[in-house]
Structures are given as structure tokens and as C-alpha cells.
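Comments concern the structure below.
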Amino acid sequence: MEDRDTPPGFGPAGSVFTGNAMTIFEKIIAREIPGDIEHEDDRCIAFHDIQPQAPIHVLIVPKKVIPRVGEATAEDEAVLGHLLLVAGQVASQLGVNSTDKGFRLVINNGSNGGEAVPHLHVHLLAGRSLQWPPG
């Protein structure tokens, strides 16, 4: 999956190349498959989920491949914080960053945690009343 224009050890869009097949998120980052992109910068991309669980369901995905939050390291601290800041920005763009509307952020880790793609991502859910406890 690497190419001549990409530094050794890195995959598309600067993500760390794992040597395995690309995840669906890496393919969206690389523009190999389309995505309804809401935000993109040098560290992450945010796009609408193709199987939304709420009227607004956006995934905020780091371009660096971190399989799951349980495998993040201290060197991932800045990108992890960045994902949360971007979530707030995207919520504002979508008109739900207020106390009367609101939104929920979810990070799944492992099979019992609901992880479906082995690439860390933050779910931003909004547009309806979200109950507690979830699941």
C-alpha cells in the first residue's frame, strides 16, 4: 500500500503504515472511497457515518493509525486531545454545540466495547434525545 512519494513506514495521508490491508477509514483518508467529509486537517478527518445511529452521526478519525484507545501511547496525547477539540468544532458547525441541543461522544474499544474498525475514532451523535445508560 505504500508508494514512492510516501516516506518509509507511512501510508496514505501520512498515516502510519501497519503492513496490513487498509481499513475503511484509511481508504476514505486516501480518497480511495468516498466519504461525506465535514472537517479535515493535517491530523484528522471527520465524516458522516454510513450507518448512522442518530440523525447526526459523525466519525472523527486520526490520520495516524492508532488501533484503539487502549493501545494509545503517551506520544499520541496531542492527537487524542485534538480529536476532542475537533468534535466540539464539528458540533458547532452542525448547530448542536449548545446545552439545549447537545451531543454525545463515544469511543469503542474491543469487541465487547462495540469496536467495528481497528482504527481509533470518536463518534459524535446528536439530533435526538440520547438516553442513559447507552447500549
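Read-outs: derived from the displayed coordinates by stated rules, not from any lab. In this text the structure is predicted, and so the values were computed from the model without any measurement. Methodologically, a virtual Cβ is constructed for each residue, glycine included, from the backbone with ideal geometry; neighbour enumeration extends over all protein chains shown.
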Given H placed on each backbone N at 1.01 Å, which residues far from ILE45 in sequence or on other chains put an amide H within less than 5 Å of it?
VAL61, LYS63
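Just how large is the dipole of region 36-126 about the Cα centre, in debye to the nearest 20, putting +1 at every Lys and Arg Cβ and -1 at every Asp and Glu Cβ? List each step's numbers first, then the result.
Details: 6 positive and 12 negative charges, 40 e Å.
The calculation lands at about 200 debye.
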May I ask you to compute the full-extension gain from THR99 to ILE24, defined as 0.36 nm times their residue separation minus their alpha-carbon distance, rounded to one decimal in nm?
23.7 nm
If you consider only alpha-carbon coordinates, what radius of gyration and Dmax does region 36-126 have, in Å?
12.6, 36
Provide ILE37, ILE66 in ascending order of the number of other Cβ atoms located within 10 Å of each residue's Cβ, fewest first.
ILE37, ILE66
